[in-house]
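J.: My questions all concern the structure below.
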Amino acid sequence: MVANDRRTFQRLKLAKPILAQIDGQSALLLDVGVGGAFVEHYGKAEAGTRFRLSFRWKGADVEFLCEVARSRVVRPSNDAAAIVSHSGVRFVEAYGDSEKRLQEMMATFVGRVLAAQRANASGDHSDEMLLGSMGDAIRTRSRGYVSYHFRNGAWLRESTNSALQPQDGFTVGAFEDEEELESLCRTYETADEEGRGLIRLVAELSAKNVKK
């Protein structure tokens, strides 16, 4: 992952925080995205501070070197060790295959949320299967991006050199399967604003695997 990537990343707000550790001390992972996370931890943190953030996914360790972008105390205390803070952090470096595991985790979570939304209306669980297959596709790196824009009830598809996510659609790596992207477009059409944000989040997972 690139520390100086200035794009604004989508973040997945976790329904249930994930137990984590910051330099070996207990913490909670509250939100996570492809470029960073939002964590709850003990003590104060200054912008620019670096530490190791680790948690487990499917029995394996996921670990990143992080840099604090911003932080605020949410539970003051006279005891410095008892202070609780919320910090937004950027991922600077992934250890081992942590980046791949993070992408798999996010694709799984997003797929479940979108599938649940669809199932409430129609009993259709295709979103979970769709994003699972996109999770497989992101392991294959390629060049170039494709942006999909939903305007006036129709889709505009265009090749682009930018990985930025548009507000009226999403951008993915050019290597993604056409049928899967058609399904993603149909899901986008019926999703609410939260769901569309989640689709852009998983699209970022695809776009991040494009060769520079």
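J.: Filter the cross-link list LYS16/LYS58; LYS44/LYS208; LYS16/LYS208 down to pairs whose alpha-carbon distance in this structure exceeds 22 Å. It would help to have the intermediate numbers written out before the result.
T.: Values: LYS16/LYS58 16 Å; LYS44/LYS208 32 Å; LYS16/LYS208 26 Å.
In this structure, LYS44/LYS208; LYS16/LYS208 lie more than 22 Å apart at Cα.
J.: What do you get when you divide the Cα radius of gyration of the stretch 155-212 by 2.2 N^0.38 Å, with N the number of residues?
T.: Working: Rg = 10.8 Å, N = 58, 2.2 N^0.38 = 10.3 Å.
That ratio works out to 1.05.
J.: Here is a further query. I'm checking a number: the convex hull volume of the Cα atoms of the stretch 11-96, normalised per residue, in Å³. What is it?
T.: For the stretch 11-96, the hull spanned by Cα atoms encloses 92 Å³ per residue.
J.: So, by mean Cβ neighbours within 10 angstrom, what's the order for 176-188, 157-169 with the highest one leading?
T.: Highest to lowest by the protection proxy: 176-188, 157-169.
Every number here is computed from the coordinates shown, using simple stated rules; none is lab data. Because the structure is predicted, anything quoted here is derived from the model rather than measured. Every residue, glycine among them, receives a Cβ derived from its backbone with ideal geometry; neighbour counts consider all protein chains shown.
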